[in-house]
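Note sheet for the following structure.
Since every read-out is calculated from the coordinates, none of them should be taken as a lab result. These numbers were taken from a predicted model, which means no experiment stands behind them. Cβ sites come from the backbone with ideal geometry, for glycine too, and all protein chains shown count toward neighbours.
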Amino acid sequence: MFIPGAVIFSIAMNWLVSLWSWPSEWPDFGPDGLGGLSTEDKAKLLAEEIVIPEEPLILGDGQTIVTAALLLNEPIERVWLLLSQPENQAEYLVEIKEAKCLKREESWDRVYFKIEILGLDLEFTVNHRYLPEIKAIYWTLDLETENDLKEFRGFWRLYSWPGNKTLARYGSQLKPKWKLAELLIRQLYKQRVKKSLLALKKYIETP
């Protein structure tokens with residue numbers, strides 16, 4: 001497949017911009033978004049499977065995070081628009097009992113969530129940061145509010161894909177405050193990621 005030089009230049013420039021605006025602890029997936037994927041992972045991706053590596057990714061700060069890759073059959077601008085409204089996750093993720101945007105500015109927002117895991121209701125508030133120039137979103141707990149989680153952070157990175165599709169790279173980390181529940185919830189959370197991403201894919205691709 002021939003890729004025009006202007007397209008290659010645009011991809012390279014966006015990748016260089018990301019080096020300055022993307023937090024250093026988050027992974028760099030390269031200009032095509034395929035970084036860190038094995039040959040087997042890429043084959044699954046092309047078959048439109050949700051790719052979740054068996055081993056968690058080790059971040060720059062030494063912590064681990066669950067990651068995933070998926071192809072979405074929608075152009076990148078539509079995917080960006082839908083992901084930029086995190087309060088709408090309650091429409092397609094059954095574990096989210098409530099989601100409400102508390103404040104929104106041009107490049108960030110603050111959203112309250114109430115979710116259910118193992119029969120437990122967890123309430124927390126998240127700050128999302130938006131980097132439209134590289135189609136990236138990352139989030140962290142709002143430390144100025146009371147949260148039922150010790151840590152919750154993650155990211156989306158979007159890449160244009162041939163055929164008017166979007167390659168999405170995802171990562172997230174969730175830690176409850178209760179040590180006895182941490183290991184169990186961490187394992188359950190990893191299992192839920194695939195189901196949640198399948199629900200997201202259906203939501204985005206539904207006309």
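Phi angles of the stretch 92-101 translate, via the Karplus equation with coefficients 6.51, -1.76, 1.60 and θ = phi - 60°, into HN-Hα couplings of 9, 10, 5, 6, 8, 7, 7, 8, 9, 6 Hz per residue; Gly and Pro are given as x.
Checked against a 23 Å cut-off, the cross-linked pairs K165/K201; K103/K177; K44/K202; K97/K202; K177/K202; K44/K195 give Cα-Cα distances beyond that limit for K103/K177; K177/K202. Is any residue of the stretch 134-156 close enough, with backbone N under 15 Å, to a label point placed 7 angstrom from the Cα of W178 along the Cα-Cβ axis, and if so, which? Backbone N within reach: 148-150.
Over all distinct alpha-carbon pairs, what is the Kirkwood Rh of the stretch 66-142 in angstrom? Mind showing how you got there, number by number?
Details: mean 1/r = 0.0734 Å⁻¹.
Averaging 1/r across every pair of different Cα atoms and inverting gives 13.6 Å.
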